[in-house]
Amino acid sequence: MMVLYSGTTCPFSHRCRFVLFEKGMDFEIRDIDLYNKPEDISVMNPYGQVPILVERDLILYESNIINEYIDERFPHPQLMPADPVMRARTRLFLYNFEKELFIHVAALEDRTARHDEKRLDAARAAIRDRLSQLAPLLLKNKYMLGEEFTMLDVAMAPLLWRLDHYGIELPKTAAPIQKYAERIFSRPAYIEALTPSEKVMRR
Ligand SMILES: N[C@@H](CCC(=O)N[C@@H](CS)C(=O)NCC(=O)O)C(=O)O
């Protein structure tokens, strides 16, 4: 059985919990207290971070890598596109999201920089601007890639859920993003994957 070591408020762990529930197979989630990290976390992940997935002798870290593995192990419903060209594009998008958006999410999550208001504000502004640029795409598309729900939507959802919590207000022109977010949040697997601490992040 797969075991996911997960942070109860961690957006990256949230991605993996979401995929596990989408697949509807057997798994175990172990909540990790990041303020009091068990020693084995750094043994399993040299970067000392969650999420970590363990299955028999396989130990994986990095949320997108974990999610691709789960998707290949349990192909239904498939979250990476079947077509190699679309698959490659999806990977490129995932990479762009990490570089342009989630690097700033990591700054907002960084416990050692909690009082660096300048850095936090710069991260909020960068996220707001980048998300606003995506709004026209979501006016056209139901999901990031079109009609189908994919790994790109999984990757994005934990950030969209945390916008209020992070103190990020999107401009009115970004309304398609809010509608897109509600579409994802209404998925049964999304609701099941939320921890009690995440449930209270949004009213
Ligand atoms: N790029 C990593 C980021 C994971 C990450 O930043 N995890 C944070 C929690 S959200 C963590 O474990 N931090 C270690 C700590 O706080 O000690 C991923 O996608 O999995």
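The values are calculated or read from the model by the stated rules, or taken from the named source; none is laboratory data. Here the structure is a predicted model, which is why all the values come from computation and not from measurement. Backbone-built Cβ (ideal geometry, glycine too); neighbour counts: all protein chains shown.
Quick notes
- Checked against the criterion of being of a type outside the set (S, T, N, Q), surrounded by fewer than 18 Cβ atoms within 10 Å (Cβ to Cβ), more than 15 Å from the chain's Cα centre (by Cα) and assigned to a helix (DSSP H, G or I), the range 147-159 has no qualifying residue.
- Some residue of the range 153-162 being free of Cβ contacts under 8 Å to residues at least 24 places away in the same chain and of a type outside the set (A, V, I, L, M, F, W, C): no
- Taken over the range 109-125, the criterion of being loosely packed, with under 15 Cβ neighbours inside 10 Å and either within 11 Å of the ligand (Cβ to nearest atom) or in the same structural domain as G48 (by TED's automatic domain parsing) (or both) is satisfied by D110, R111, T112.
- For the range 108-141, filtering for residues that are hydrophobic (A, V, I, L, M, F, W, C) and farther than 19 Å from R183 by Cα leaves 8.
- Residues located in the range 1-14, provided they are under 18 Å from I59 (Cβ atoms) and surrounded by 19 or more Cβ atoms within 10 Å (Cβ to Cβ): M2, L4, Y5, S6, G7, C10, F12, S13
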